[in-house]
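First the structure, in the form of structure tokens, and then the observations on it.
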2 protein chains.
Amino acid sequence: MLDATRLRNPSLFAKVVSADEAAALITDGMRVGVGGFTPSGYPKQTTLALAEQIRRGKPCRIQIWSGASVGPEIEEELAKVHGVSVRMPYYAATNRTMQAQINEREIAYIDLHLSEFAQQVDYGFFGEVDVAIVEAAAITEQGDIVLGSGVGNIPMFVRHAKTVIVEVNTSIPLEMEGMHDILILPKPPRRREIPIYAPSDRAGSPYVTCGLERIDAIVESDIPDHVRTLAKPTPTTQAIAEHLVDFLENEVRQGRIPAEMLPLQSGVGTIANAVLMGLSAGHLPPLTMYSEILQDAVFHLVRSGNIRAASGCAFTPSPEVWEMFRAEPELYRKSIVLRPLDISNSPEVIRRLGVIAINTPLEFDIYGQANSTHVLGSKMINGIGGSGDYMRNGYLSVFTSPSTGAGGKISKVVPMVSHADHTEHDGQIFITECGVADTRGLDPVARAKEIIEHCAHPTFRPVLREYLRLALRHGGHEPVDLAAAFQPALQFRATGRMRPAE
Amino acid sequence: MLDATRLRNPSLFAKVVSADEAAALITDGMRVGVGGFTPSGYPKQTTLALAEQIRRGKPCRIQIWSGASVGPEIEEELAKVHGVSVRMPYYAATNRTMQAQINEREIAYIDLHLSEFAQQVDYGFFGEVDVAIVEAAAITEQGDIVLGSGVGNIPMFVRHAKTVIVEVNTSIPLEMEGMHDILILPKPPRRREIPIYAPSDRAGSPYVTCGLERIDAIVESDIPDHVRTLAKPTPTTQAIAEHLVDFLENEVRQGRIPAEMLPLQSGVGTIANAVLMGLSAGHLPPLTMYSEILQDAVFHLVRSGNIRAASGCAFTPSPEVWEMFRAEPELYRKSIVLRPLDISNSPEVIRRLGVIAINTPLEFDIYGQANSTHVLGSKMINGIGGSGDYMRNGYLSVFTSPSTGAGGKISKVVPMVSHADHTEHDGQIFITECGVADTRGLDPVARAKEIIEHCAHPTFRPVLREYLRLALRHGGHEPVDLAAAFQPALQFRATGRMRPAE
């Protein structure tokens, strides 16, 4: 029930409407910016009601702009009624109907570096923002917004939106107030530095600036985020984590990473979780994170004292972690900062802080290019997200991956990636359960040998060595055999496996 | 003749040695950092003498680290005597012996984003710097160095070098003193912002800090830089420039670029020159530049009042422009700032200032990936240089290219680049003499159609349309046909042309 702790100005109660009434504000062709990130802190009621209106005959296809992936209440429900025309700037495989429509090109999906989307919206590159839908914990007396667990790009959408709908979700603990640090950069040529010099620094306001008069509708909600459960660690993810911990500890011993350590970024998923747990169990000092998304492991490590500060644009709490948060909100509020996506992923800040970037692509090749998005070059699995922002600007950039996929049928190390999201200039360290390839200071052929011998699975090494031999016949600084480069991919497409017939 | 205007502390005269004596300080296996950039402001005497020593039997192969490409006195002379083992972080096609040895892999060449090399040297990723060779206009009373027309990475090399050799070149006008702004960033986690908010801002010292005691040898020189002559504008480069000017003027009219305009970066070469001249003749206000290299055109435009401030890490003056400089040094000194490469190419500054990035790749593909380095995927023409730094971080990123190459035999627009230096996420605008493809807000297939119909040469459009048709049969968000993607490249390799037999 919405009360004065959630709606702190009496005038706000007059704006409370049903989800159906809020959804009626959205009409065909509109550009709708939603809050939240990977699915955390995104609005739910308005889009569920809109989907129902469309199902009943309202002609309406809209653009959905977001931070990153959002929950099924937006992506699945609207895709099922063919209500989405354009999707930017990120999408992940979890919502299958949307995935299918993106790959059938019913939905025009535009995949962008996440650090760039908010500013390009600000520059007017994609047209006006018609509606912003925010999920909030509360609205202040001045009409500013207390967010929940995901920030994403909602501050920029709210700034530009002609219509603002706020879903006040009573399941969000009010103790989250104060965790956010909302900073919107001025546009060039009047932009200044981002004054963040450590992951715990705050540079903005705890609230999204909006104002009472700009709020058009308030919808009550109590639907929790649709959080995904991470797979358990496996021997493979454990081995990858151990290699990475050994590698980083050695870098500290060699003086190439300072003894106090540098902030970490780690991507989403099981490997990322295993890495964090492994690092905190090692011989490194307490960690800091300057990352995009903060997974459950971060809360456990804050609690155990292994992480002293973490910055992200969202966290994805499981019910268990929400319990931990409610039990000790002060601990997490002082250790965790949630920022807008263009700040969490800012090249300026990532490079200044010396973030060690750790991400898992779909596949990488012998020369160090990586494919994060498209299976067999064509089919979108998920967007590039923030991986480009971090890998390009990291102090050290580490690609982690199992050496094989599809139950051993395919090699994650290939002659040439079928889609290049990260160039050979962007990653230095490659780690699979088989070992570590450190490519710093190596020319392409030396890099290829290092990657084949240390990262590829032993069953695939002969194929890769043979490819390199073929490529070397063509000569050149980075020899490729354009006729053979995609043989493993074509074999996979034809037979469902890459391994040569034995 | 070296006098007290060049060597401002009397103790320095005792350090003057012959080039032969200086070269004797360099021995087999050393890592040698040289000053200069694209060949401007690089040392000459010491490496000429070293090449002669090697020719006479001194066993010596060294690593050459630089800012970017340097002149034949380093690259050609040392390559001819097989004196180079490793080359970082950039190389350009002008020096043919070095090019051959890089492509034969006699020289291990490591191609890096230019903004990253200095910091990675600082982090110790490539080992210690044995020798720094600086070309200087003068040495101050305190033993600090007044540079010439190229900064590159020499400040970082000098900081770390065990041995410092300074070539004081009497052909450099002393009036250059004060043009440089030398800032070395602390390493993370103690790095602060780069306090540059406009191209003309200064954040450091006019001198490279060194100190009297760290200078091991001084060599007198009067060899001028080996400046390349740019080709004259052609109807093709003119048409590209006109399309770009029209495009940018329209962006200003639409409010997507502020009326006061934003700083420009433009790459090296004839197109870049034509673009600058075209922009200044248009309806835009006086320009500013935040770029890597400043070509002759910048001086002419400063003189005519069309450029009010320009920042780079080097300029490449022709003899005519040196004359202009000598006639009015004050004008150019107040309008031009020369910075270290990691500052001129800093993602932080590029993004903050909102630099409009304009670069010319070897080829680009229908989905917007670009190849800046490798012909047919294998043969290195020149490194990626700073193009990644600018294109990834630009306010708007524009690829310019003729639509065809090799006298019309090959298409610069291909189904899939044979080497990806820039991903589809990095460029928004593609311009050839045929027209402009604005890919903002377009999904991959829409992007492909835009690029084929507006940028490809009419004779190659049917081939590209047919490829897209084949690719679409495979479905997916960004359809590729892995069996057909390199057909034009393979055809070019086999027959010397891409055009289908008619």
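The values are calculated or read from the model by the stated rules, or taken from the named source; none is laboratory data. A quick note: this is a predicted structure, and the numbers were derived from the prediction, not measured. All Cβ positions, even for glycine, are placed from backbone atoms using ideal geometry, and neighbour counts span all protein chains on display. With ligands, DNA and RNA removed, areas are computed over all heavy atoms of the protein, side chains included. Shrake-Rupley method; radii C 1.70, N 1.55, O 1.52, S 1.80 Å.
Listing for the model above:
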quantity	calculated
For residue A:287, distant residues with modelled amide H under 5 Å away	A:307, A:308
Simple Cβ-charge dipole of the stretch B:50-193, Lys/Arg +1 and Asp/Glu -1, about Cα centre, in debye nearest 20	580
Antiparallel content of DSSP bridges confined to chain A, in %, to 5	25
Distance between the stretch A:426-485 and the stretch A:339-382 - C-alpha centres, whole angstrom	20
Of A:148, A:195, A:9, farthest towards positive along the dipole that unit charges on Lys, Arg, Asp, Glu beta carbons give chain A	A:195
1.4 Å probe, heavy atoms, protein only - residues of the stretch A:428-460 losing at least 20 Å² accessible area vs chain alone	A:428, A:440, A:441, A:443
Semi-axis lengths (Å, descending) of the ellipsoid that matches the C-alpha gyration tensor of chain A	40, 27, 19
Chain pair B, A: total accessible area buried, heavy atoms, 1.4 Å probe, Å²	7000
Dipole moment magnitude, nearest 20 debye, the stretch B:390-496 about Cα centre, only Lys, Arg, Asp, Glu C-beta charged	280
Built amide H within the under 5 Å cut-off of residue B:91, gap 5+	B:383
Approximate spin-label separation residue A:202-residue B:466, in nm, with each point projected 7 Å along Cα-to-Cβ	6.5
Unit charges on C-beta of K, R, D, E only; dipole of the protein assembly as shown, Debye	1240
Total formal charge among the other residues, if their Cβ is under 10 angstrom from that of residue B:111, Lys/Arg +1 and Asp/Glu -1	-3
For residue B:7, distant residues with modelled amide H under 5 Å away	B:139
Cα centroid of the stretch A:1-49 to Cα centroid of the stretch A:279-335, whole Å	29
Mean ellipticity per residue at 222 nm, deg cm²/dmol - from DSSP H runs of n ≥ 4 across chain B, formula -39500 (n - 2.57)	-8500 deg cm²/dmol
Among beta bridges that DSSP assigns inside the protein assembly as shown, antiparallel share in %, nearest 5	25
Rounded Å value of the spacing that divides the Cα centres of the stretch A:63-95 and the stretch A:150-172	16
Residue-level accessible surface for residue B:177, protein heavy atoms, 1.4 Å, Å²	50
Percent of Cα pairs exceeding the 44 Å cut-off, where the set is the protein assembly as shown	32
Listed residue (A:245, A:445, B:166) projecting farthest to the positive dipole end of the protein assembly as shown, Cβ model	A:445
Surface share of carbon and sulfur [accessible, 1.4 angstrom probe, percent] for the protein assembly as shown	52
